[in-house]
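A.B. asks: The structure is given below, and queries will be raised subsequently.
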Amino acid sequence: MAIVISQGLADIWAFGVLIVVLVIAAITDVRRGKIYNWITYPAAAAGLIGHTLFGGLRGYEGSMGLTGALAGLAVGFLPLLAAWLLGGIGGGDVKLMGAVGALGGWRFVLAAMFYGFAVAAVMAIVVMLKRRILRETLGRILRFLCLLLTPSKGADPATATSPKIPLGLALCIGSALALLEVALKGPIAQKFLLQI
């Protein structure tokens, strides 16, 4: 039994929860370099339970239901899980995007990741320019890419002195940009996120 409400209200609760989660995750990532399970697990559970309550198992016009929330969780979680397994990112980043997907759906989390990775790239370039290591870093990346094309085992282009950026913060900013796009019903939201 699903609670039937209008499309606008079906999104408001999830996006309200998402805003709170993004603010807390951004603060903890900047202050402590971690996104905690006490943020991500309840957020994912809220997405799954809430979308089930408001949309049932399959959802309806304006509500994604449990299947949509599960699809969002998988699309947000699985690609970043692969990156975590390779040692590229932290586990909190993975779980955060799973929670974002459970709350916003698979289309929303794809946009959030796209925006988040774009923000991370800008942050990385700013850090490299500020520390005057852009040329050195690009050289390491080029050598890494060349090694990938050879039969030998590739090496990680990062060194112990490589600067780190808070990816969780970038993903939170990217999610906020996707949320803003939906709120303003911009061109990307109309064609991709809202399917208008």
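Throughout, read-outs are computed from the coordinates displayed, never taken from laboratory work. Keep in mind the model is a prediction, meaning the values are calculated, not measured. Please note: Cβ atoms are built from the backbone with ideal geometry, for glycine as well, and neighbour counts cover all protein chains shown.
A.B. asks: Convert each backbone phi in the stretch 122-129 into a coupling constant with the Karplus relation 6.51 cos²θ - 1.76 cosθ + 1.60 (shift: θ = phi - 60°), then list the ³J(HN,Hα) values in order as whole Hz, x for Gly and Pro.
C.D. replies: In residue order, the calculated couplings are 5, 4, 5, 5, 4, 4, 5, 5 Hz.
A.B. asks: If amide hydrogens are placed 1.01 Å from N in the peptide plane, which non-local residues have theirs closer than 5 Å to the one on Tyr60?
C.D. replies: Amide H neighbours of Tyr60: Gly65.
A.B. asks: Follow-up. When only Cα pairs under 8 Å and 6 or more residues apart are kept, what is the percent relative contact order across the stretch 7-193?
C.D. replies: 24 percent
A.B. asks: Starting from the Cα-Cα distance between Cys146 and Lys130, subtract it from 0.36 nm times their residue separation and give me the gain in nm to one decimal.
C.D. replies: Result: 3.1 nm gained on full extension.
A.B. asks: Same structure again: By per-residue mean of other Cβ atoms within 10 Å, what is the highest-first order of 12-24, 122-134?
C.D. replies: 12-24, 122-134
A.B. asks: If you look for lysine pairs in the stretch 7-193 that are eight or more places apart or on different chains, how many of them have Cα atoms under 20 Å apart?
C.D. replies: Lysine pairs meeting the criterion: 4.
A.B. asks: Taking θ = phi - 60°, what integer Hz values does the Karplus form 6.51 cos²θ - 1.76 cosθ + 1.60 yield along the stretch 168-180, in sequence order, with x for Gly and Pro?
C.D. replies: x, 4, 4, 5, 5, 5, x, 5, 5, 5, 5, 5, 5
A.B. asks: Hand me the trypsin sites (Lys or Arg not before Pro) from the stretch 14-99 located in a DSSP loop with no more than 12 other Cβ atoms within 10 Å, in residue order please.
C.D. replies: Arg58
A.B. asks: Determine ³J(HN,Hα), in whole Hz, for all residues of the stretch 13-21 in sequence, where each value follows from phi through the Karplus function 6.51 cos²θ - 1.76 cosθ + 1.60 and θ = phi - 60°; x replaces Gly and Pro.
C.D. replies: Along the stretch 13-21, the couplings run 4, 5, 6, x, 4, 4, 4, 4, 4 Hz.
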